[in-house]
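Right, one structure below, let's go through it.
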Amino acid sequence: MNVTIIGTGNMARGIGTRLLAGGHSVGLVGHEPGKAEDLAAHLQEAARSGATVTAVDDGVLPSEVVVLAVPYTAAALIVQQYYDQLAGKIIIDITNPIDFNTLEPIVAPGNSAAEEIAKVAPAGSKVVKAFNTTFAEMLVAGQVAGQPLDVFIAGDDEAAKATVAQLVRHGGLHPIDVGMLARGQQLEGLALLGIMLQFRLNTGFQTGWKLLMPERG
Ligand SMILES: NC(=O)c1ccc[n+]([C@@H]2O[C@H](COP(=O)([O-])OP(=O)(O)OC[C@H]3O[C@@H](n4cnc5c(N)ncnc54)[C@H](OP(=O)(O)O)[C@@H]3O)[C@@H](O)[C@H]2O)c1
């Protein structure tokens, strides 16, 4: 499968690494000249045979799945910029709507970035919340303390969630479907707690949330 990542920062690197390791091809969209090319060159070595990573420089999103690897505050603008092209596509929202100076949420209680992005996305697009509780550095590694990362997935379209779960699984991670898109509220809360704990426990951004389950026979 081809996946487009909008953004060329830490999460683009982490998610790109896992997609390429899973044999999927990645197109990178930057907003400053050279950054997508630089990241593509860097990610090349993560690509399993057959997978390619390229900079997208013609403004055309070349895939059915698009990851918004940008700050929440930029997400709505980007959706607007690519509005016509996003119709019918799976939009993966990874954002955490946090004021990083105060560590306070910037969406009201009872709301989420995921739901706000879905409101501005074109009809027929399918917004899926995923990867917002996984730290970028740990995505590059694919695991924490020998355990594959859990990737919590929320969305209202079952087929879209299944596609995202498959991408996650192929990258060596463990997908967990948490339900409808509004569960993004809880996932964004979980991510905020995770960020706060990094400082409290002085771990660096090197932890991961893990749901322990009984083995199924
Ligand atoms: N870092 C993590 O561990 C982590 C974990 C979970 C979720 N997240 C979420 O993932 C998202 C990305 O985080 P990150 O750590 O990758 O951030 P980052 O390293 O700062 O990268 C952000 C990317 O967004 C681009 N960008 C910023 N404003 C833009 C705009 N107006 N239009 C187009 N592109 C724009 C930046 O481009 P330039 O560099 O050219 O400005 C950069 O490529 C955020 O929403 C964050 O909350 C991060």
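The values are calculated or read from the model by the stated rules, or taken from the named source; none is laboratory data. As the structure is a prediction and not an experimental result, all values here were calculated from the model. Note that each Cβ is placed from the backbone with ideal geometry, even for glycine, and that neighbours are counted across all protein chains shown.
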Condition first: exposed (fewer than 13 other Cβ atoms within 10 Å of the Cβ), modelled with pLDDT under 95 and in a helix (DSSP H, G or I). Now tell me which residues in region 38-59 satisfy that.
Glu45
Taking region 60-74 on its own, how many of its residues are of a type in the set (S, T, N, Q), within 11 Å of the ligand (Cβ to nearest atom) and surrounded by 15 or more Cβ atoms within 10 Å (Cβ to Cβ)?
0
Those residues that are β-branched (Val, Ile, Thr) and out of contact with any Gly (no Cβ under 7 Å at 6 or more places or on another chain), I need them from region 10-66; list them, please.
Ile15, Thr17, Val29, Thr52, Val60, Val65, Val66
Out of Ala51, Ala69, report the one residue that is free of Cβ contacts under 8 Å to residues at least 40 places away in the same chain and under 24 Å from Ala162 (Cα atoms).
Ala51
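Here is a yes/no grid of residues against (1) within 15 Å of the ligand (Cβ to nearest atom); (2) among the hydrophobic types (A, V, I, L, M, F, W, C); (3) free of Cβ contacts under 8 Å to residues at least 12 places away in the same chain; (4) surrounded by fewer than 22 Cβ atoms within 10 Å (Cβ to Cβ):
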position: Ala12; (1), (2), (3), (4): yes, yes, no, no
position: Gly27; (1), (2), (3), (4): yes, no, no, no
position: Ala76; (1), (2), (3), (4): yes, yes, no, yes
position: Val79; (1), (2), (3), (4): yes, yes, no, no
position: Gly88; (1), (2), (3), (4): no, no, no, yes
position: Gly110; (1), (2), (3), (4): no, no, no, yes
Considering only residues that are of a type outside the set (Gly, Ala, Ser) and within 19 Å of the chain's Cα centre (by Cα), which ones fall in region 201-210?
Phe205, Gln206, Thr207, Trp209, Lys210
